[in-house]
Amino acid sequence: MTKEIEASTKRRADDAAAPPKLKKTRSTGGSQLDLPFATIEGKPGKVYVFGTGDCAQLGLGEDILSRKKPANLAVLNDKEIVDIAAGGMHNMALTKDGKLYSWGVNDQKTLGRSGDEYEPLPVEGLDDVKVVKVACSDSLTVALTSEGHVYTWGTFRSAEGILGHSKGTEIQDKPTKVHELSNIVDIATGTDHVLALNTAGHVYSWGNGQQMQLGRRIVSRRMLNGLTPESVGVKSMVRVGAGSYHSFAIDKHGKAFAWGLNTYGQCGNENPKTENIPSATPIEVLEEEVFIDLQGGEHHTIGLTKGGKLFGFGRSDSYQLGLGYTETPGSEDSTSHKKAIRHPTLISGLPTVKAISVGGNHTLALTEDGDVFAWGFGEMLACGNGEEEDVQTPLKLTGKQIENSKIIKVAAGGQHSVILAVDN
(Lines give C-alpha, C1' and ligand atoms only; values in the text may rest on other atoms or scores of the structure.)
Protein backbone atom coordinates (compact mmCIF):
# COMPACT_ATOMS: atom_id res chain seq x y z
CA MET A 1 0.00 0.00 0.00
CA THR A 2 1.40 3.45 -0.94
CA LYS A 3 1.72 6.28 1.57
CA GLU A 4 -0.96 8.24 -0.30
CA ILE A 5 -3.43 5.35 -0.04
CA GLU A 6 -2.57 4.84 3.63
CA ALA A 7 -3.18 8.53 4.34
CA SER A 8 -6.50 8.44 2.47
CA THR A 9 -7.59 5.33 4.34
CA LYS A 10 -6.69 6.90 7.68
CA ARG A 11 -8.66 10.07 6.83
CA ARG A 12 -11.74 8.02 5.99
CA ALA A 13 -11.40 6.06 9.25
CA ASP A 14 -11.02 9.29 11.26
CA ASP A 15 -14.02 10.83 9.54
CA ALA A 16 -16.13 7.76 10.28
CA ALA A 17 -15.20 7.92 13.95
CA ALA A 18 -15.83 11.65 14.29
CA PRO A 19 -18.89 12.75 16.28
CA PRO A 20 -21.87 13.71 14.09
CA LYS A 21 -22.33 17.40 13.29
CA LEU A 22 -25.17 19.61 14.44
CA LYS A 23 -28.17 20.13 12.23
CA LYS A 24 -29.58 23.67 12.16
CA THR A 25 -33.34 23.94 12.65
CA ARG A 26 -35.44 26.98 11.82
CA SER A 27 -38.20 26.10 14.26
CA THR A 28 -36.07 26.68 17.35
CA GLY A 29 -33.70 29.26 15.98
CA GLY A 30 -30.84 27.21 17.42
CA SER A 31 -29.26 23.87 16.74
CA GLN A 32 -30.02 20.36 17.83
CA LEU A 33 -28.64 16.93 17.12
CA ASP A 34 -30.21 14.85 14.41
CA LEU A 35 -28.48 11.53 14.96
CA PRO A 36 -29.12 8.77 12.40
CA PHE A 37 -30.83 5.53 13.37
CA ALA A 38 -28.49 2.62 14.02
CA THR A 39 -27.95 0.13 11.22
CA ILE A 40 -26.40 -3.31 10.88
CA GLU A 41 -22.82 -2.97 9.68
CA GLY A 42 -20.08 -5.39 8.71
CA LYS A 43 -20.04 -8.76 7.03
CA PRO A 44 -21.02 -12.06 8.66
CA GLY A 45 -18.44 -14.05 10.57
CA LYS A 46 -17.94 -17.07 12.79
CA VAL A 47 -18.50 -16.95 16.55
CA TYR A 48 -15.77 -18.14 18.93
CA VAL A 49 -16.01 -18.48 22.72
CA PHE A 50 -13.58 -18.98 25.59
CA GLY A 51 -13.55 -18.81 29.38
CA THR A 52 -15.75 -20.50 31.96
CA GLY A 53 -19.01 -22.11 30.86
CA ASP A 54 -20.32 -24.01 33.84
CA CYS A 55 -23.54 -21.99 33.58
CA ALA A 56 -23.99 -22.55 29.81
CA GLN A 57 -22.14 -19.33 28.87
CA LEU A 58 -20.10 -20.98 26.09
CA GLY A 59 -22.95 -22.60 24.18
CA LEU A 60 -20.83 -25.65 23.38
CA GLY A 61 -23.10 -28.15 25.13
CA GLU A 62 -23.43 -29.18 28.74
CA ASP A 63 -20.30 -31.37 28.61
CA ILE A 64 -17.88 -28.49 27.80
CA LEU A 65 -17.59 -26.27 30.83
CA SER A 66 -14.48 -24.28 29.94
CA ARG A 67 -12.22 -23.37 27.04
CA LYS A 68 -8.71 -21.98 27.45
CA LYS A 69 -8.50 -20.78 23.84
CA PRO A 70 -11.11 -19.55 21.31
CA ALA A 71 -13.42 -22.37 20.22
CA ASN A 72 -15.78 -22.10 17.27
CA LEU A 73 -19.49 -22.16 18.05
CA ALA A 74 -20.18 -24.22 14.93
CA VAL A 75 -23.95 -24.24 15.30
CA LEU A 76 -23.95 -20.55 14.30
CA ASN A 77 -21.60 -20.83 11.32
CA ASP A 78 -24.42 -20.76 8.76
CA LYS A 79 -26.53 -18.10 10.53
CA GLU A 80 -24.69 -15.08 9.05
CA ILE A 81 -23.85 -13.52 12.43
CA VAL A 82 -22.77 -9.86 12.23
CA ASP A 83 -22.65 -8.82 15.90
CA ILE A 84 -22.40 -10.28 19.40
CA ALA A 85 -23.11 -9.24 22.99
CA ALA A 86 -22.15 -10.80 26.32
CA GLY A 87 -23.75 -10.34 29.70
CA GLY A 88 -22.85 -11.68 33.10
CA MET A 89 -23.77 -15.25 32.17
CA HIS A 90 -25.64 -15.10 28.85
CA ASN A 91 -25.00 -14.02 25.27
CA MET A 92 -26.70 -12.78 22.12
CA ALA A 93 -25.73 -13.12 18.47
CA LEU A 94 -27.28 -10.88 15.79
CA THR A 95 -27.81 -12.02 12.20
CA LYS A 96 -27.54 -9.78 9.15
CA ASP A 97 -31.34 -10.02 8.81
CA GLY A 98 -31.82 -8.54 12.27
CA LYS A 99 -32.69 -11.71 14.20
CA LEU A 100 -31.22 -12.88 17.51
CA TYR A 101 -29.84 -16.13 18.87
CA SER A 102 -29.30 -16.58 22.61
CA TRP A 103 -27.60 -18.98 25.02
CA GLY A 104 -26.54 -19.08 28.67
CA VAL A 105 -28.30 -18.70 32.01
CA ASN A 106 -32.07 -18.28 31.65
CA ASP A 107 -33.12 -18.13 35.31
CA GLN A 108 -34.75 -14.71 34.88
CA LYS A 109 -35.74 -15.31 31.22
CA THR A 110 -32.84 -13.32 29.83
CA LEU A 111 -32.70 -15.55 26.75
CA GLY A 112 -36.12 -14.44 25.54
CA ARG A 113 -37.11 -18.00 24.73
CA SER A 114 -37.62 -21.48 26.12
CA GLY A 115 -35.49 -24.52 25.35
CA ASP A 116 -31.90 -25.64 25.88
CA GLU A 117 -29.67 -23.09 27.62
CA TYR A 118 -26.43 -24.75 26.49
CA GLU A 119 -27.05 -24.25 22.75
CA PRO A 120 -27.82 -21.08 20.76
CA LEU A 121 -31.47 -20.91 19.70
CA PRO A 122 -33.61 -18.10 18.18
CA VAL A 123 -35.08 -15.43 20.44
CA GLU A 124 -38.87 -15.49 20.20
CA GLY A 125 -41.35 -12.68 19.69
CA LEU A 126 -39.34 -10.40 17.39
CA ASP A 127 -40.61 -11.64 14.04
CA ASP A 128 -41.98 -8.27 12.93
CA VAL A 129 -38.95 -6.12 13.79
CA LYS A 130 -35.36 -5.83 12.63
CA VAL A 131 -32.88 -5.68 15.49
CA VAL A 132 -29.75 -3.61 14.79
CA LYS A 133 -28.07 -3.67 18.23
CA VAL A 134 -28.34 -5.78 21.36
CA ALA A 135 -26.95 -5.37 24.88
CA CYS A 136 -26.90 -7.75 27.86
CA SER A 137 -26.90 -6.97 31.57
CA ASP A 138 -26.72 -9.61 34.29
CA SER A 139 -30.40 -10.57 34.13
CA LEU A 140 -31.88 -8.40 31.35
CA THR A 141 -31.50 -8.14 27.59
CA VAL A 142 -32.13 -5.00 25.52
CA ALA A 143 -32.65 -4.88 21.75
CA LEU A 144 -32.69 -1.78 19.53
CA THR A 145 -34.61 -1.92 16.24
CA SER A 146 -34.01 -0.24 12.89
CA GLU A 147 -36.94 2.11 13.57
CA GLY A 148 -35.53 3.32 16.88
CA HIS A 149 -37.69 1.23 19.20
CA VAL A 150 -36.40 -0.61 22.28
CA TYR A 151 -37.43 -4.09 23.44
CA THR A 152 -36.46 -5.65 26.77
CA TRP A 153 -36.90 -8.96 28.57
CA GLY A 154 -35.73 -10.54 31.81
CA THR A 155 -35.62 -8.50 35.01
CA PHE A 156 -33.62 -6.02 37.06
CA ARG A 157 -32.09 -6.89 40.42
CA SER A 158 -31.18 -4.77 43.43
CA ALA A 159 -29.06 -5.42 46.51
CA GLU A 160 -32.13 -7.04 48.07
CA GLY A 161 -32.90 -9.41 45.18
CA ILE A 162 -35.24 -9.22 42.19
CA LEU A 163 -36.43 -5.65 41.62
CA GLY A 164 -38.66 -6.28 38.63
CA HIS A 165 -38.85 -5.70 34.88
CA SER A 166 -41.41 -2.90 35.15
CA LYS A 167 -43.90 -1.67 37.72
CA GLY A 168 -46.46 -4.27 36.67
CA THR A 169 -44.19 -7.18 35.77
CA GLU A 170 -41.60 -8.92 37.93
CA ILE A 171 -40.03 -11.06 35.19
CA GLN A 172 -40.68 -10.54 31.46
CA ASP A 173 -40.27 -13.86 29.64
CA LYS A 174 -40.46 -12.59 26.03
CA PRO A 175 -39.38 -9.34 24.34
CA THR A 176 -41.69 -6.43 25.07
CA LYS A 177 -41.59 -2.90 23.69
CA VAL A 178 -40.58 0.01 25.95
CA HIS A 179 -43.42 2.36 25.03
CA GLU A 180 -41.96 5.38 26.82
CA LEU A 181 -39.10 5.55 24.30
CA SER A 182 -38.86 6.34 20.57
CA ASN A 183 -36.23 7.48 18.08
CA ILE A 184 -33.49 5.66 19.99
CA VAL A 185 -30.08 5.34 18.30
CA ASP A 186 -27.85 3.77 20.98
CA ILE A 187 -28.20 1.58 24.07
CA ALA A 188 -25.92 0.39 26.89
CA THR A 189 -26.36 -1.82 29.94
CA GLY A 190 -24.76 -2.07 33.35
CA THR A 191 -25.31 -4.91 35.78
CA ASP A 192 -28.88 -3.79 36.49
CA HIS A 193 -29.53 -0.58 34.59
CA VAL A 194 -30.01 0.59 31.01
CA LEU A 195 -29.15 3.76 29.09
CA ALA A 196 -30.74 4.84 25.82
CA LEU A 197 -29.82 7.75 23.54
CA ASN A 198 -32.30 9.36 21.14
CA THR A 199 -31.86 11.24 17.87
CA ALA A 200 -31.94 14.60 19.66
CA GLY A 201 -28.94 13.65 21.82
CA HIS A 202 -30.89 13.12 25.04
CA VAL A 203 -30.04 10.23 27.37
CA TYR A 204 -32.62 8.14 29.27
CA SER A 205 -31.99 5.69 32.10
CA TRP A 206 -33.93 3.06 34.01
CA GLY A 207 -33.42 0.05 36.26
CA ASN A 208 -31.75 -0.11 39.67
CA GLY A 209 -30.52 3.25 40.95
CA GLN A 210 -29.02 2.36 44.32
CA GLN A 211 -25.53 3.52 43.28
CA MET A 212 -26.71 6.68 41.44
CA GLN A 213 -26.13 4.95 38.09
CA LEU A 214 -29.43 6.36 36.78
CA GLY A 215 -28.24 9.92 37.21
CA ARG A 216 -31.13 10.68 39.55
CA ARG A 217 -31.90 9.95 43.19
CA ILE A 218 -34.16 6.97 43.86
CA VAL A 219 -35.41 6.71 47.46
CA SER A 220 -35.54 3.25 48.99
CA ARG A 221 -39.30 3.15 49.49
CA ARG A 222 -39.87 4.03 45.84
CA MET A 223 -37.35 1.78 44.13
CA LEU A 224 -39.88 0.76 41.49
CA ASN A 225 -39.90 4.33 40.16
CA GLY A 226 -36.51 3.58 38.68
CA LEU A 227 -38.04 1.00 36.34
CA THR A 228 -39.55 3.77 34.17
CA PRO A 229 -37.19 5.49 31.69
CA GLU A 230 -36.49 9.12 32.55
CA SER A 231 -34.13 11.73 31.13
CA VAL A 232 -30.69 12.03 32.67
CA GLY A 233 -30.78 15.75 31.94
CA VAL A 234 -27.92 16.05 29.46
CA LYS A 235 -28.03 17.30 25.87
CA SER A 236 -26.01 16.94 22.67
CA MET A 237 -24.76 13.44 23.48
CA VAL A 238 -23.76 11.08 20.67
CA ARG A 239 -23.00 7.83 22.52
CA VAL A 240 -23.72 6.08 25.80
CA GLY A 241 -21.78 3.46 27.76
CA ALA A 242 -21.98 1.75 31.12
CA GLY A 243 -20.10 -0.09 33.80
CA SER A 244 -21.67 -2.40 36.35
CA TYR A 245 -22.81 0.44 38.60
CA HIS A 246 -21.72 3.57 36.74
CA SER A 247 -22.67 5.26 33.49
CA PHE A 248 -21.17 7.30 30.65
CA ALA A 249 -22.14 9.61 27.85
CA ILE A 250 -20.02 11.26 25.15
CA ASP A 251 -21.05 14.62 23.72
CA LYS A 252 -20.80 15.95 20.18
CA HIS A 253 -17.29 17.22 20.86
CA GLY A 254 -16.07 13.84 22.11
CA LYS A 255 -16.04 14.94 25.74
CA ALA A 256 -16.66 12.30 28.41
CA PHE A 257 -19.32 12.45 31.14
CA ALA A 258 -19.79 9.97 33.99
CA TRP A 259 -22.05 9.31 36.96
CA GLY A 260 -22.78 6.56 39.48
CA LEU A 261 -20.54 4.56 41.82
CA ASN A 262 -17.06 6.09 42.23
CA THR A 263 -15.56 4.12 45.13
CA TYR A 264 -12.44 3.30 43.10
CA GLY A 265 -12.38 6.44 40.97
CA GLN A 266 -14.17 4.65 38.12
CA CYS A 267 -16.12 7.80 37.24
CA GLY A 268 -12.92 9.75 36.74
CA ASN A 269 -13.21 11.65 40.01
CA GLU A 270 -9.94 11.12 41.88
CA ASN A 271 -11.18 12.20 45.32
CA PRO A 272 -11.33 8.98 47.42
CA LYS A 273 -14.05 10.54 49.58
CA THR A 274 -16.38 10.97 46.59
CA GLU A 275 -18.11 7.58 46.58
CA ASN A 276 -20.94 8.49 44.20
CA ILE A 277 -21.49 10.95 41.36
CA PRO A 278 -25.25 11.71 41.47
CA SER A 279 -25.61 13.34 38.05
CA ALA A 280 -23.84 13.43 34.69
CA THR A 281 -20.52 15.20 35.29
CA PRO A 282 -17.66 15.96 32.86
CA ILE A 283 -14.46 13.99 33.44
CA GLU A 284 -12.30 17.09 33.72
CA VAL A 285 -8.94 15.35 33.74
CA LEU A 286 -9.75 13.98 30.26
CA GLU A 287 -11.13 17.19 28.77
CA GLU A 288 -8.29 17.43 26.24
CA GLU A 289 -9.09 14.01 24.75
CA VAL A 290 -11.72 13.19 22.12
CA PHE A 291 -13.53 9.96 22.98
CA ILE A 292 -15.59 7.61 20.82
CA ASP A 293 -16.37 4.98 23.49
CA LEU A 294 -16.36 4.53 27.27
CA GLN A 295 -17.17 1.24 28.96
CA GLY A 296 -16.83 -0.09 32.47
CA GLY A 297 -16.50 -3.34 34.34
CA GLU A 298 -17.49 -4.07 37.90
CA HIS A 299 -15.41 -1.21 39.32
CA HIS A 300 -13.12 0.00 36.53
CA THR A 301 -13.35 1.99 33.31
CA ILE A 302 -11.71 1.90 29.88
CA GLY A 303 -12.02 4.82 27.45
CA LEU A 304 -11.26 4.75 23.71
CA THR A 305 -10.19 7.95 21.95
CA LYS A 306 -10.75 8.96 18.36
CA GLY A 307 -7.06 8.35 17.72
CA GLY A 308 -7.25 4.75 18.93
CA LYS A 309 -5.68 5.24 22.38
CA LEU A 310 -6.98 3.71 25.61
CA PHE A 311 -7.20 5.22 29.08
CA GLY A 312 -7.91 3.19 32.21
CA PHE A 313 -9.01 4.16 35.72
CA GLY A 314 -10.63 2.53 38.73
CA ARG A 315 -10.11 -0.75 40.52
CA SER A 316 -6.94 -2.58 39.57
CA ASP A 317 -6.25 -5.40 42.02
CA SER A 318 -6.53 -7.96 39.19
CA TYR A 319 -4.76 -5.75 36.64
CA GLN A 320 -8.12 -4.71 35.16
CA LEU A 321 -6.49 -1.58 33.71
CA GLY A 322 -3.70 -3.37 31.86
CA LEU A 323 -1.05 -1.05 33.24
CA GLY A 324 1.21 -3.69 34.76
CA TYR A 325 0.76 -2.37 38.29
CA THR A 326 -2.16 -2.40 40.71
CA GLU A 327 -1.83 1.02 42.27
CA THR A 328 -0.12 4.23 41.28
CA PRO A 329 3.59 3.99 42.12
CA GLY A 330 4.39 6.03 45.22
CA SER A 331 0.74 6.47 46.21
CA GLU A 332 -0.38 6.00 49.79
CA ASP A 333 -4.13 5.78 49.35
CA SER A 334 -5.33 3.90 52.40
CA THR A 335 -9.00 4.77 52.01
CA SER A 336 -9.85 1.56 50.19
CA HIS A 337 -9.22 -2.08 51.02
CA LYS A 338 -8.82 -2.78 47.30
CA LYS A 339 -6.14 -1.40 45.04
CA ALA A 340 -7.12 1.32 42.58
CA ILE A 341 -5.60 3.75 40.09
CA ARG A 342 -7.81 6.81 40.35
CA HIS A 343 -6.02 8.98 37.82
CA PRO A 344 -7.04 8.16 34.20
CA THR A 345 -3.87 6.69 32.73
CA LEU A 346 -2.81 5.89 29.17
CA ILE A 347 -2.51 2.15 28.53
CA SER A 348 0.71 1.70 26.61
CA GLY A 349 1.97 -1.07 24.37
CA LEU A 350 -1.08 -1.30 22.12
CA PRO A 351 -1.48 -0.82 18.36
CA THR A 352 -4.27 1.51 17.23
CA VAL A 353 -7.52 0.27 18.80
CA LYS A 354 -10.88 0.58 17.04
CA ALA A 355 -13.25 -1.10 19.52
CA ILE A 356 -13.37 -2.27 23.14
CA SER A 357 -15.50 -4.51 25.31
CA VAL A 358 -15.17 -4.52 29.09
CA GLY A 359 -16.22 -7.53 31.16
CA GLY A 360 -16.64 -7.69 34.90
CA ASN A 361 -12.90 -7.66 35.56
CA HIS A 362 -11.23 -8.10 32.18
CA THR A 363 -11.03 -6.18 28.91
CA LEU A 364 -10.85 -7.00 25.21
CA ALA A 365 -9.41 -4.45 22.75
CA LEU A 366 -9.85 -4.90 18.99
CA THR A 367 -7.19 -3.32 16.80
CA GLU A 368 -7.49 -1.89 13.30
CA ASP A 369 -5.57 -4.94 12.01
CA GLY A 370 -8.14 -7.38 13.36
CA ASP A 371 -6.16 -8.57 16.38
CA VAL A 372 -7.45 -8.75 19.93
CA PHE A 373 -5.55 -7.88 23.09
CA ALA A 374 -6.83 -9.01 26.48
CA TRP A 375 -5.92 -8.31 30.11
CA GLY A 376 -7.25 -8.50 33.65
CA PHE A 377 -8.66 -11.23 35.88
CA GLY A 378 -7.55 -14.59 34.51
CA GLU A 379 -8.78 -17.27 36.90
CA MET A 380 -11.85 -17.97 34.76
CA LEU A 381 -9.84 -18.13 31.48
CA ALA A 382 -11.76 -15.14 30.06
CA CYS A 383 -8.56 -13.55 28.70
CA GLY A 384 -7.93 -16.53 26.42
CA ASN A 385 -4.27 -16.82 27.35
CA GLY A 386 -4.59 -20.47 28.34
CA GLU A 387 -3.59 -19.87 31.95
CA GLU A 388 -5.59 -19.39 35.14
CA GLU A 389 -3.57 -16.32 36.04
CA ASP A 390 -4.19 -12.59 35.81
CA VAL A 391 -2.91 -10.89 32.65
CA GLN A 392 -1.01 -7.81 33.79
CA THR A 393 -0.58 -5.98 30.46
CA PRO A 394 -2.30 -6.27 27.06
CA LEU A 395 -1.63 -9.72 25.60
CA LYS A 396 -2.44 -10.66 22.02
CA LEU A 397 -5.11 -13.33 21.72
CA THR A 398 -3.97 -16.45 19.88
CA GLY A 399 -5.35 -19.89 19.21
CA LYS A 400 -5.22 -22.62 16.64
CA GLN A 401 -8.81 -22.10 15.55
CA ILE A 402 -8.33 -18.38 14.84
CA GLU A 403 -4.77 -18.36 13.47
CA ASN A 404 -6.01 -17.66 9.90
CA SER A 405 -8.77 -15.27 10.91
CA LYS A 406 -9.39 -11.55 11.27
CA ILE A 407 -11.44 -10.60 14.30
CA ILE A 408 -14.19 -8.05 13.67
CA LYS A 409 -16.20 -7.93 16.92
CA VAL A 410 -15.50 -8.55 20.62
CA ALA A 411 -17.75 -9.08 23.64
CA ALA A 412 -16.50 -9.54 27.21
CA GLY A 413 -18.84 -11.18 29.72
CA GLY A 414 -18.66 -11.83 33.42
CA GLN A 415 -16.47 -14.95 33.28
CA HIS A 416 -16.17 -15.58 29.55
CA SER A 417 -15.57 -13.86 26.23
CA VAL A 418 -17.03 -14.01 22.73
CA ILE A 419 -15.44 -12.89 19.46
CA LEU A 420 -16.61 -12.74 15.85
CA ALA A 421 -14.06 -13.46 13.12
CA VAL A 422 -13.80 -13.84 9.35
CA ASP A 423 -11.35 -15.94 7.39
CA ASN A 424 -8.34 -14.08 6.02
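The values are calculated or read from the model by the stated rules, or taken from the named source; none is laboratory data. Nothing here was measured: the structure is a model prediction, and the numbers come from that model. Quick reminder, even Gly has a Cβ in these numbers, built from the backbone with ideal geometry, and neighbours come from all protein chains shown.
In table form, for the structure just shown:
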quantity: Hits in segment 287-313 (condition: touching a residue at least 60 places away in the same chain (Cβ under 8 Å), more than 13 Å from residue 356 (Cα to Cα) and in a strand (DSSP E or B)); calculated: 300
quantity: Residues (within 17 Å of residue 342 (Cβ to Cβ) and β-branched (Val, Ile, Thr)) located in segment 287-330; calculated: 301, 302, 326, 328
quantity: Selected residue (only one of 420, 397, 350, 381 is in contact with a Phe, Trp or Tyr (Cβ under 8 Å, 6 or more places away or on another chain) and within 18 Å of residue 291 (Cβ to Cβ)); calculated: 350
quantity: Filter pass, residue 109 being in contact with an Asp or Glu (Cβ under 9 Å, 6 or more places away or on another chain) and of a type in the set (Lys, Arg); calculated: yes
quantity: Residue list for segment 43-91, filter: within 17 Å of residue 422 (Cα to Cα) and either in a loop (DSSP other than H, G, I, E, B) or of a type in the set (Ser, Thr, Tyr) (or both); calculated: 43, 44, 48, 73, 77, 78, 79, 80
quantity: Residue satisfying condition, being surrounded by fewer than 24 Cβ atoms within 10 Å (Cβ to Cβ), touching a Cys at 6+ places or on another chain (Cβ under 7 Å) and modelled with pLDDT of 95 or more, within set 82, 105; calculated: 105
quantity: Filter result for the condition that a residue is surrounded by 24 or more Cβ atoms within 10 Å (Cβ to Cβ), among the hydroxyl-bearing types (Ser, Thr, Tyr) and farther than 17 Å from residue 144 by Cα, over 244, 231, 236; calculated: 244
quantity: Within segment 143-160, considering residues that are among the small types (Gly, Ala, Ser) and farther than 24 Å from residue 81 by Cβ, the one farthest from the chain's Cα centre (by Cα); calculated: 159
quantity: Matching residues in segment 167-180 - criterion: being surrounded by fewer than 18 Cβ atoms within 10 Å (Cβ to Cβ) and either of a type in the set (D, E, K, R) or at pLDDT 95 or above (or both); calculated: 167, 169, 170, 171, 174, 176, 177, 179, 180
quantity: Matching strands (runs of 3 or more DSSP E) fully within segment 321-424 where at least 3 residues are in contact with a strand residue (DSSP E or B) (Cβ under 9 Å, 6 or more places away or on another chain) and of a type in the set (Gly, Ala, Ser); calculated: 405-412
quantity: Strands (runs of 3 or more DSSP E) contained in segment 157-272 and holding at least 3 residues more than 27 Å from residue 356 (Cβ to Cβ); calculated: 161-164, 172-177
quantity: Which listed residue is touching a residue at least 12 places away in the same chain (Cβ under 8 Å) and within 19 Å of the chain's Cα centre (by Cα), from 163, 126, 140, 121; calculated: 140
quantity: Number of positions in segment 304-321 that are closer than 13 Å to residue 268 by Cβ and either aromatic (Phe, Trp, Tyr) or in contact with a helix residue (DSSP H, G or I) (Cβ under 7 Å, 6 or more places away or on another chain) (or both); calculated: 2
quantity: Positions within segment 232-254 being closer than 23 Å to residue 183 by Cα and out of contact with any Lys or Arg (no Cβ under 9 Å at 6 or more places or on another chain), in sequence order; calculated: 234, 235, 239, 240, 241, 242, 247, 253
quantity: Residues located in segment 362-378, provided they are under 13 Å from residue 318 (Cα atoms), touching a Phe, Trp or Tyr at 6+ places or on another chain (Cβ under 7 Å) and not hydroxyl-bearing (Ser, Thr, Tyr); calculated: 362, 375, 376
quantity: Filtered residues of segment 367-383 (kept if surrounded by 23 or more Cβ atoms within 10 Å (Cβ to Cβ) and more than 23 Å from residue 191 (Cβ to Cβ)); calculated: 372, 373
quantity: Count - residues of segment 67-92 that are acidic (Asp, Glu) and touching a residue at least 60 places away in the same chain (Cβ under 8 Å); calculated: 1
quantity: Boolean, residue 61 is surrounded by fewer than 17 Cβ atoms within 10 Å (Cβ to Cβ) and not β-branched (Val, Ile, Thr); calculated: yes
quantity: Which listed residue, of 351, 394, is more than 25 Å from residue 103 (Cβ to Cβ), surrounded by 20 or more Cβ atoms within 10 Å (Cβ to Cβ) and not small (Gly, Ala, Ser); calculated: 394
